[in-house]
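Visitor: Mind looking over this structure? Questions follow.
Coordinate-derived values only; no laboratory data. This is a predicted model, so every value here is computed, not measured. FYI the Cβ positions are ideal-geometry reconstructions off the backbone, even for glycines, and counts take in every protein chain you see.
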Amino acid sequence: MRLIAENLGGERGGDTVFSSIGFVLEDGQALLVTGPNGSGKSTLLRVIAGLLPVAEGSVRIEGVAKIEDGGEAFPSIASACHYLGHQNAMKPVLSVAENLRFWRDFNGDGHADVEEALETVGLGGIGHLPFGYLSTGQRRRAAIAKLLVSRRPLWLLDEPTAGLDKASEGGFAQLMGKHCAEGGIIVAATHLPLGLDGAKELRMGASPSPLWGGSIREAERGGGLE
Ligand SMILES: Nc1ncnc2c1ncn2[C@@H]1O[C@H](COP(=O)(O)OP(=O)(O)OP(=O)(O)O)[C@@H](O)[C@H]1O
């Protein structure tokens with residue numbers, strides 16, 4: 001599978017946030033989206049996921065495996081991706097396991113079972129607790145377990161390690177490495193190194209405020225791929 005963005009532009013509230021973004025990611029590749037606050041990293045992920053409209057250009061997947069009836073296993077990016085946003089998308093009054101079972105049923109393509117996924121993220125034994133009881137880092141780990149209970153080749157991750165301790169960051173780096181080694185693709189917006197060897201980097205444009213360490217290169221809000 002390939003994820004292809006061509007001349008991609010995104011808007012928020014009618015204003016252009018980024019434009020002229022282009023990249024191709026093949027099976028097993030990862031892209032780190034970096035840049036200052038407000039430069040459009042989250043907006044880019046949401047545009048790729050189909051949660052916000054494409055303002056210009058295009059983003060698409062190609063080369064998706066066929067299923068038995070000749071159709072494509074994933075007919076759209078939305079059906080091919082896991083989107084992990086800033087919010088964890090879990091119900092606080094449901095138990096951790098109930099939340100994961102919901103997402104497993106909702107997304108289909110059952111993969112790891114819920115207990116196995118919780119063990120993997122170091123939450124074995126607390127699946128019965130209401131999600132709302134968990135600490136910030138435990139909530140993030142439970143949200144990461146969501147990536148494991150259904151198989152989706154494309155992971156779109158927004159600040160995935162926010163709130164994680166060092167050991168959990170290392171564990172998540174291994175999970176991401178395994179996903180790529182199995183042919184998955186990752187696009188991750190981050191301010192922190194994620195421990196993903198060989199990842200490409202897309203730097204989004206500068207912050208409009210010089211006071212917080214950004215420059216005022218408003219004309220360069222488009223991204224550059226390295
Ligand atoms: N619903 C909205 N309406 C109007 N503008 C918005 C909306 N949501 C975000 N924006 C603006 O879009 C721009 C890009 O925001 P975005 O969240 O994509 O940045 P980011 O690079 O992910 O930032 P951060 O590093 O702080 O997470 C910001 O200037 C933000 O104020």
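Visitor: Note the angle between two axes, namely the Cα long axis of helix 96-107 and the longest principal axis of the Cα atoms of the chain, as a number of degrees from 0 to 90, rounded to the nearest 10.
Guide: Taking Cα atoms only, the helix is inclined about 60 degrees.
Visitor: Treating only the Cβ of Lys, Arg, Asp and Glu as charged (+1, +1, -1, -1), what charge dipole size does the chain show about its Cα centre? Round to the nearest 20 debye.
Guide: Values: 21 positive and 27 negative charges, 107 e Å.
Dipole about the Cα centre, nearest 20: 520 debye.
Visitor: If you don't mind, there's one more thing I want to ask. State, as an integer percentage, the relative contact order of the chain based on alpha-carbon contacts under 8 Å between residues 6 or more apart. Numbers along the way, then the final one.
Guide: Working: 454 pairs, mean separation 61.9, N = 226.
It comes to 27 percent, rounded to a whole number.
Visitor: What FRET efficiency comes out for the pair residue 166/residue 91, r = Cβ-Cβ distance, R0 = 30 Å, nearest 0.05?
Guide: Computed FRET efficiency for residue 166 and residue 91: 0.55.
Visitor: List the pairs from 91/146; 91/166; 41/66; 66/200 whose alpha-carbon separation is above 24 Å, in the order I gave them.
Guide: From the list (91/146; 91/166; 41/66; 66/200), the Cα-Cα distance tops 24 Å for 91/166; 41/66; 66/200.
Visitor: While we're here: Arranged by the count of other C-beta atoms within 10 angstrom, fewest first, what order do 24, 149, 64, 93 take?
Guide: 93, 24, 64, 149
Visitor: Residue by residue through the stretch 70-87, what is 3J(HN,Hα) from phi via Karplus (6.51 cos²θ - 1.76 cosθ + 1.60, θ = phi - 60°)? Round to whole Hz and write x for glycine and proline.
Guide: Couplings: x, x, 8, 4, 10, x, 8, 4, 4, 6, 9, 10, 9, 10, 10, x, 4, 7 Hz.
Visitor: Let me ask another. Suppose each label sits 7 Å from its Cα in the direction of the beta carbon; what would the residue 191-residue 178 distance come out to in nanometres?
Guide: Computed distance between label sites residue 191 and residue 178 equals 2.9 nm.
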